[in-house]
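First up is the structure itself, then whatever we jot down about it.
The values are calculated or read from the model by the stated rules, or taken from the named source; none is laboratory data. Predicted model, so just to flag it, every value in this text is computed and none were measured. Here the Cβ is made from the backbone with ideal geometry for all residues, glycine too, and neighbour counts use every protein chain on show. The area values use the complete protein model at the heavy-atom level, side chains included, leaving out ligands, DNA and RNA. Shrake-Rupley method; radii C 1.70, N 1.55, O 1.52, S 1.80 Å.
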Amino acid sequence: MISLALCAPALAGLAALISGKKAARALLTGAAVFNLALCGLLWRFPPASGSWFMADSASLIFLAVTGLLFAACSFYARGYLDTLSPKPHIFSGVFGDEPEPVFISFLLLFLAAMNFVCLSRHIAMMWVALEATTLVSAPLICFHRTPRSLEAAWKYLMICSVGIALALLGNFFIASAAGAANVPMLCDVLRDSARLLNPLWLKLAFVLAFTGYGAKMGLAPMHTWLPDAHGESPSPVSALLSGALLNCAFLSLMRVAAVCSGAGLGEFVNDVFLFFGIASVVIAAAFMLRQRDYKRLLAYSSVENMGIIAAGVGAGTVYGAVLQAINHSLVKAMLFMASGNILRGFRTKSSAEVGNLAAMPFTGFLWAAGFMAILGLPPFGIFVSKLVIIKAMFASGHGRAGALFIFMLAVVFAGVAHSVMGMFAPSGAKPPQGRERLVFILPAALLGLCALATGLYIPQWLDAAVKSASAALGGAW
Amino acid sequence: MDFLIVSLMLSSVALCATGRIRSLVRIAVFQGLILGLLAVSRQFTAQTAALALATVAVKAVIFPYILMRAVEKAGAVLEPRPYVGYNPSIAVCMAMLGISAWIARKFSPQAPLAAAGAFFTMFAGLFVIISRRTAFSQVIGYLALEGGIYSFGLSLSGDTPAAVELGLLLDLFAAVFIMGIMVYRISDEFDHADMEKISFLKDSGDYD
């Protein structure tokens, strides 16, 4: 069943490459729904671990989030591709888009690569998969071949590839530590027999992995590619990059961190996570305060949220971090979809030029609700996970870090409120063009409902899954 | 084997010391050949031979071909005004050489020369990525970085299973391939590949 989850999207992707427009679209949604159903089956009947792949609860959680997001995005993307006229923008004379089947094919390969990351058991295999996600998503970013998107894709490719190359070096260090102790390089086996490994090698490996996977996850100061890539890519791609890909990088990083914590480096690992987590929140807050481009605002909010997740790990609550990761994915994907609707309606990415957003009632509602959710207002799930993380910070004796953290969340609140409220104010902006279509509203609304549900009530099975995932990733639960 | 590693190191020095794009590409070809030879120098089996062949094919044939076409398209001959000049670059090289030798002695006492060569090549690659402006040089720097890591892996152990090694190589090849295509696109659309001039994306001032 695991191999089916890996092969189905990849094969569908390859098939899309050689098929026509209509067939490719059918393949996209078909494979997305099939993948989601498969995730459900894997949850219901968890398979035994193989020698390369496994499906523990951490894998399953991130696999399910990825599958859910991809299914929502696949429907959104169909609508998106519909709206592209033959000449979509002013540059179209010079810069044509990629052919549509190629775009769909890379989307499906992207899903396959992310599934690959989630289900990897072998540390080197996980690296291979994570690098593959970079390679197949770079062409997605510059789907519209504008100068801006080319620059964004180049930055993304270069920074993430160099980062991941360093993580590969880290892998070699783990390999030599494991080789010396005669332990196979499987995440769970390494974690359980970490005491046998040479801690110096592991420490080096962790630093390198943190640099590499942390860059991919968007932690400051290696985050510089993120606002560009997420800001410039087509909205469904931004939603996937932000909601699904960052989680995959987080999962990979946690797999390495779990091994190091097991080897008695827990304190060092936590300090690194806490420091760079808070640094990411601070830097993101600084850039969000006067951000005029609403897609970049969302991108910086992703940096902030990755910082919150890392800070959660640093404070010792992997439970809170995983919960935050789930909630962030749902809400951020919803917001990026809504931002795509706004972009289509107002034809600008500047929040100052958008006014009277209530003229698009559904999008406006999603936009406002999404921001309330992402800022951590009570009925939504992020409120719960942020609270868990802040509580853990004070409980673990990081009082000053906690205070700074809360202050920075307030700064973010101010920055976001400033630009988002302005978008609703009546102004001289041109009224939005076109009407709102169901295909652009429903997927986002469904994700929003999920985020609301996790805030109102965390069902027993989800709670148990997050707890056991946290244990699998070296947490205290 | 020692001879190969020394040539790898010398070519990395050359990488830092030249600004002619054609020479850079030639050095990349040379390093690709050396890595291919390194792969078969420890043991010659069907598997290592295939790996070596693939390395040479991608790094010394396909990639330089794409890159040279991009270079010709952009009409680039020289790296314009690097952030660090060539004489200081050589000084940095010497410092990096010392550091790699120190690291190698500390961490890999059983094969210090191989490890030093690998680390030095990595550092040289990273340095080129940071200190040069054009996408061409940056790609070649990445190639060197990745080659250094690869040769470090070779010097370490043959513990990694074949399937993983294959996946690893496949990824690196794909990375180089996609980068080559991107550079081609960039030079196609901008008529140059100076990444400093290509900077629409920043956070200051008004949105254009």
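Listed here are the residues, each with its yes/no results for (1) within 12 Å of chain A (Cβ to nearest Cβ); (2) open to solvent by 20 Å² or more (accessible area, probe 1.4 Å); (3) under 22 Å from B:Val71 (Cα atoms).
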| site | (1), (2), (3) |
| --- | --- |
| B:Leu97 | no, yes, no |
| B:Ala101 | no, yes, no |
| B:Lys106 | yes, yes, no |
| B:Pro112 | no, yes, no |
| B:Phe119 | yes, no, no |
| B:Phe123 | yes, yes, no |
| B:Ile129 | yes, yes, yes |
| B:Val139 | yes, no, yes |
| B:Ala144 | yes, no, yes |
Every residue in the range A:176-201 that is among the aliphatic types (A, V, I, L, M) and within 16 Å of A:Ser252 (Cβ to Cβ), please. A:Met185, A:Leu186, A:Leu190
Out of the range A:352-389, which residues are surrounded by 23 or more Cβ atoms within 10 Å (Cβ to Cβ), over 24 Å from the mean Cα position of the chain (by Cα) and more than 14 Å from chain B (Cβ to nearest Cβ)? A:Leu357, A:Met360
Of the candidates A:Leu4, A:Leu69, A:Leu28, the one satisfying the condition of being more than 22 Å from A:His122 (Cβ to Cβ) and either over 19 Å from the mean Cα position of the chain (by Cα) or open to solvent by 10 Å² or more (accessible area, probe 1.4 Å) (or both) is A:Leu28
Qualifying residue in the range A:57-79 (condition: in a strand (DSSP E or B) and over 18 Å from A:Gly243 (Cβ atoms)): no
Which count do you get for residues in the range A:115-125 that are more than 14 Å from A:Ile2 (Cβ to Cβ) and in contact with a strand residue (DSSP E or B) (Cβ under 8 Å, 6 or more places away or on another chain)? 1
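Results for (1) open to solvent by less than 10 Å² (accessible area, probe 1.4 Å); (2) under 16 Å from the mean Cα position of the chain (by Cα); (3) small (Gly, Ala, Ser); (4) under 14 Å from A:Ala263 (Cβ atoms), shown as yes or no for each residue.
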{"residue": "A:Cys187", "(1), (2), (3), (4)": "yes, no, no, yes"}
{"residue": "A:Leu200", "(1), (2), (3), (4)": "no, no, no, yes"}
{"residue": "A:Lys203", "(1), (2), (3), (4)": "no, no, no, yes"}
{"residue": "A:Leu208", "(1), (2), (3), (4)": "no, no, no, no"}
{"residue": "A:Thr211", "(1), (2), (3), (4)": "no, no, no, no"}
{"residue": "A:Gly218", "(1), (2), (3), (4)": "yes, yes, yes, no"}
{"residue": "A:His223", "(1), (2), (3), (4)": "no, yes, no, no"}
{"residue": "A:Pro227", "(1), (2), (3), (4)": "yes, yes, no, no"}
For the range A:343-361, enumerate the residues that are among the aliphatic types (A, V, I, L, M) and under 16 Å from A:Ser242 (Cβ atoms). A:Leu343
Matching residues in the range A:432-463 - criterion: being surrounded by fewer than 21 Cβ atoms within 10 Å (Cβ to Cβ), touching a Ser or Thr at 6+ places or on another chain (Cβ under 8 Å) and either within 26 Å of A:Leu36 (Cα to Cα) or at pLDDT 85 or above (or both): A:Leu462
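Residues checked against (1) under 16 Å from the mean Cα position of the chain (by Cα); (2) open to solvent by less than 10 Å² (accessible area, probe 1.4 Å); (3) more than 7 Å from every other protein chain (Cβ to nearest Cβ):
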position: A:Cys118; (1), (2), (3): yes, yes, yes
position: A:Met126; (1), (2), (3): no, yes, yes
position: A:Glu131; (1), (2), (3): yes, yes, no
position: A:Thr134; (1), (2), (3): yes, yes, yes
position: A:Ile141; (1), (2), (3): yes, yes, yes
Here are some conditions: (1) out of contact with any Gly (no Cβ under 9 Å at 6 or more places or on another chain); (2) under 25 Å from A:Glu232 (Cα atoms); (3) of a type in the set (A, V, I, L, M); (4) more than 14 Å from chain B (Cβ to nearest Cβ). A:Leu343 meets all but one. Which one does it not meet? (4)
Testing A:Pro99 on (1) within 24 Å of A:Leu241 (Cα to Cα); (2) within 12 Å of chain B (Cβ to nearest Cβ); (3) open to solvent by 30 Å² or more (accessible area, probe 1.4 Å), one condition comes back false. Which one is that? (2)
Given the conditions (1) open to solvent by 30 Å² or more (accessible area, probe 1.4 Å); (2) at the interface with another protein chain (Cβ under 10 Å from one of its Cβ atoms); (3) modelled with pLDDT of 75 or more, which single one is not true for B:Leu156? (3)
Of A:Ala392, A:Ala429, the only residue that is at pLDDT below 85 and open to solvent by less than 40 Å² (accessible area, probe 1.4 Å) is A:Ala429
Is at least one residue of the range A:402-415 under 21 Å from the mean Cα position of the chain (by Cα), open to solvent by 70 Å² or more (accessible area, probe 1.4 Å), closer than 22 Å to A:Lys332 by Cα and among the aliphatic types (A, V, I, L, M)? no
Out of all the residues in the range A:178-193, which are closer than 18 Å to A:Leu204 by Cα and among the charged types (D, E, K, R)? A:Arg191
Within the range B:1-21, the residues that are part of a helix (DSSP H, G or I) and surrounded by fewer than 16 Cβ atoms within 10 Å (Cβ to Cβ) are B:Asp2, B:Phe3, B:Val6, B:Leu10, B:Ala17
For the structure I just gave you, tell me whether A:Ala181 is open to solvent by 10 Å² or more (accessible area, probe 1.4 Å), more than 20 Å from A:Ala472 (Cα to Cα) and either touching a strand residue (DSSP E or B) at 6+ places or on another chain (Cβ under 7 Å) or of a type in the set (Gly, Ala, Ser) (or both). yes
